[in-house]
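Working notes, structure below.
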């Protein structure tokens, strides 16, 4: 099974991937939390301004495509 972050991103299972600190997450947690905070600051305003019905329809369509993976 191809379950790498690149494959998950390519097949729209995930929205983005984060790079790991060269020192590892256990030694550099602020690096990871900063990336997550920036992603949330970028994404949440867009989601909050989208009608709930549209978000639900997008989620439904996204889940329906999960079986359509490319090799």
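Laboratory data are not the source of any read-out in this text; all were calculated from the coordinates shown. Everything numeric in this text was worked out from a predicted model, so none of it was measured. Here the Cβ is made from the backbone with ideal geometry for all residues, glycine too, and neighbour counts use every protein chain on show.
Condition first: touching a residue at least 12 places away in the same chain (Cβ under 8 Å), in a loop (DSSP other than H, G, I, E, B) and touching a helix residue (DSSP H, G or I) at 6+ places or on another chain (Cβ under 6 Å). Can you find one or more residues in region 17-40 that meet it? Yes: region 17-40 contains one or more residues that are touching a residue at least 12 places away in the same chain (Cβ under 8 Å), in a loop (DSSP other than H, G, I, E, B) and touching a helix residue (DSSP H, G or I) at 6+ places or on another chain (Cβ under 6 Å).
Please go through region 41-63 and give me each residue that is in contact (Cβ under 8 Å) with a residue 24 or more places away in the chain and either outside any helix (DSSP H, G or I) or more than 14 Å from the chain's Cα centre (by Cα) (or both), ordered by number. None - no residue of region 41-63 is in contact (Cβ under 8 Å) with a residue 24 or more places away in the chain and either outside any helix (DSSP H, G or I) or more than 14 Å from the chain's Cα centre (by Cα) (or both), so the list stays empty. Within region 1-16, the set of residues being outside any loop (DSSP other than H, G, I, E, B) and surrounded by 13 or more Cβ atoms within 10 Å (Cβ to Cβ) comprises 5, 7, 8, 9, 10. For residue 66, are the conditions met, namely being surrounded by fewer than 11 Cβ atoms within 10 Å (Cβ to Cβ), assigned to a helix (DSSP H, G or I), within 17 Å of the chain's Cα centre (by Cα) and in contact (Cβ under 8 Å) with a residue 40 or more places away in the chain? Yes: the conditions hold for residue 66.
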